[in-house]
Amino acid sequence: MAWLSATPSAGWPSTVGHPKDEVDGLITALAGQVADHADELAAATVAETGIGCVPDKADKNRFASLGVAQWLVGKPGVGVIGSHERAALTEIADPMGVVFGLIPMTNPVATLVFKTLICIKARDALIVSCHRDAADVGARTVDMLREVLARHGAPADLVQSVPRRPTRRTTAALMRHPGVSMILATGGTAMVKAAYSSGTPAIGVGPGNAPAWICADADVEAAARTVVASKAFDHGIICGSENNLVVDRCVRDSFIDALRTAGAAVLSPAECDRLARVAFHERDGRLRRTVLGQAAALIADQAGIEVAAGTRLLVAPVPRAALPGPYGREKLAPILSLFTADGENDGIRLCLQILGQGGCGHTAIIHTRSERLQVSFSQRMPVSRVLVNGPGAQGCIGLGNGLTPSLTLGCGTYGRTSTTDNVTYTHLVNIKRVAHPFAAASALSLPGPDSQGSRL
């Protein structure tokens, strides 16, 4: 590669010729390195963090590397990215500089490689701070990425990591550092709030508490298979996965039968009570660390609940009175609440109440054959992503649909964040717009009511 002197703001060298193909080749090589080691990195993640499912994490690592790279390659990165002749306007993208990325414990490898790829595409440098409980696998992933950069003649310091197990003071100092241009905050609510209050521009995420509405006209067998495959994926730790089912009463019994066929255990009221005592803290209802991202059978065993071999998901049918409590909130485990709705208006009302329990802005899911209901639901839900007849965990990150492949999901002002987008490299460039006067137009004239213009 024709890498030349580094720029002081980002550590990126300038290039000669047309760099897009070279950068795309680097993105492909970085993605391939992680994909080639996806299984071992997944095993290392589960061994270190104690949460999640190794095969599912490996699939997530491959999506965050190969899937994201495939979407990025070929797209314009920096320089002139658009020209609008009729508007006499040219758009030029510039790198932001240094991006500081917070890496969560739940998806450390996938989030790290994803942020690396979008930063490289935007010609930014990346400094990451990994969650303390995923520091070792994070450092291992960074080392792999730096090896690829060096092998391709790029500065290895385009990707750096803070010292292992960083303190909150170190993280806060980097957030406020004048050399950092942007923060990508993927993590807990407190960390995202700290990023937004740091004084440095930031893009943050929000919690997910996705309702999944099973309407009266839904294909209940297909919906049940989809729900189980989604919420059981990586033992339920993807925040956009289904957290609460809202099932129309007229299909409730058939849907529960279909859930059992698909591999879920549907609990009795007494079993729901036993599960709650094991799964949630008595003081504040938060999910206990001992069930976070654990297998359904292991959680059931902790609660003294017998389940069939191969059970992937625990479904707790609960009354509406339980909605304000822990069963109505986000549960990053293969635990799924089930509420019963009486008709369309009641179903929408329940979904809105669930989103009000900490899920506004993220994701909502509907299973229906009715286009009218799909539109009505989409218009009413205060979320950034509405998934129709699809899985929450895979769908929200752009797997199997038209959403941008991403491991950083904005929640918009619904969720007190700055964008509703699935975040990608276009959020990491500054776009300047070069405007020319329209032909035969005066710079001092404004359109008037007769469309002939008027003098200032």
Worksheet item: Would you pick out the residues in the stretch 263-275 that are open to solvent by 30 Å² or more (accessible area, probe 1.4 Å) and within 19 Å of residue 231 (Cβ to Cβ)?
Response: 271
Practice prompt. Within the stretch 178-202, work out how many residues are in a loop (DSSP other than H, G, I, E, B), open to solvent by 20 Å² or more (accessible area, probe 1.4 Å) and touching a strand residue (DSSP E or B) at 6+ places or on another chain (Cβ under 8 Å).
Written response: 5
Practice prompt. Residues being under 20 Å from residue 320 (Cβ atoms) and outside any helix (DSSP H, G or I): count how many of those fall in the stretch 348-379.
Written response: 8
Discussion item. Criterion first (at pLDDT 95 or above, surrounded by fewer than 16 Cβ atoms within 10 Å (Cβ to Cβ) and either within 22 Å of the chain's Cα centre (by Cα) or not in a loop (DSSP other than H, G, I, E, B) (or both)) does residue 173 satisfy it?
Written reply: no
Item to complete: Within the stretch 391-403, count every residue that is surrounded by fewer than 17 Cβ atoms within 10 Å (Cβ to Cβ) and touching a strand residue (DSSP E or B) at 6+ places or on another chain (Cβ under 9 Å).
Response: 1
Worksheet item: Among all residue pairs at least 6 apart or on different chains, which show Cβ distances below 7 Å where the first residue, located in the stretch 152-174, is more than 24 Å from residue 32 (Cα to Cα) and the second is part of a loop (DSSP other than H, G, I, E, B) and β-branched (Val, Ile, Thr)?
Response: 170/162; 174/162; 174/180
Item to complete: Please work out if residue 384 is touching an Asp or Glu at 6+ places or on another chain (Cβ under 9 Å), small (Gly, Ala, Ser), buried (at least 20 other Cβ atoms within 10 Å of the Cβ) and without any contact (Cβ under 8 Å) to a residue 60 or more places away in the chain.
Response: yes
Discussion item. Please verify whether residue 216 is at pLDDT 95 or above and in a loop (DSSP other than H, G, I, E, B), treating the condition exactly as stated.
Written reply: yes
Worksheet item: Do we find a residue being basic (Lys, Arg), part of a strand (DSSP E or B), farther than 26 Å from residue 84 by Cα and modelled with pLDDT under 95 anywhere in the stretch 441-456?
Response: yes
Fill in: Filtered residues of the stretch 321-342 (kept if farther than 25 Å from residue 188 by Cα, in contact (Cβ under 8 Å) with a residue 24 or more places away in the chain and not acidic (Asp, Glu))
338, 339, 340, 341
Item to complete: Can you work out which of the residues in the stretch 362-409 that are under 17 Å from residue 64 (Cβ atoms) and among the small types (Gly, Ala, Ser) is farthest from the chain's Cα centre (by Cα)?
Response: 400
Fill in: Residue that is most open to solvent (accessible area, probe 1.4 Å), among those in the stretch 223-251 that are part of a helix (DSSP H, G or I) and farther than 19 Å from residue 388 by Cα
249
Worksheet entry | Among the candidates 417, 408, 363, 340, residue that is open to solvent by less than 30 Å² (accessible area, probe 1.4 Å), hydroxyl-bearing (Ser, Thr, Tyr) and at pLDDT below 95 | 417
Item to complete: Determine the pairs where a residue that is farther than 19 Å from residue 126 by Cα and exposed (fewer than 14 other Cβ atoms within 10 Å of the Cβ), located within the stretch 422-435, has a partner that is modelled with pLDDT of 95 or more and not hydrophobic (A, V, I, L, M, F, W, C) with Cβ atoms under 6 Å apart, the partner being 6 or more residues away or on another chain.
Response: none
Discussion item. Which of the helices (runs of 4 or more DSSP H) found entirely inside the stretch 21-88 contain at least 3 residues meeting this: among the basic types (Lys, Arg) and over 30 Å from residue 438 (Cα atoms)?
Written reply: 54-62
Item to complete: Hey, could you check the stretch 51-86 for residues that are open to solvent by less than 50 Å² (accessible area, probe 1.4 Å) and free of Cβ contacts under 8 Å to residues at least 40 places away in the same chain and say which is farthest from residue 201 (Cα to Cα)?
Response: 58
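The values are calculated or read from the model by the stated rules, or taken from the named source; none is laboratory data. Because the structure is a prediction, the values reported are computed rather than measured. Cβ sites come from the backbone with ideal geometry, for glycine too, and all protein chains shown count toward neighbours. Just the protein is used for accessible areas: all its heavy atoms, side chains included, with ligands, DNA and RNA removed. Shrake-Rupley method; radii C 1.70, N 1.55, O 1.52, S 1.80 Å.
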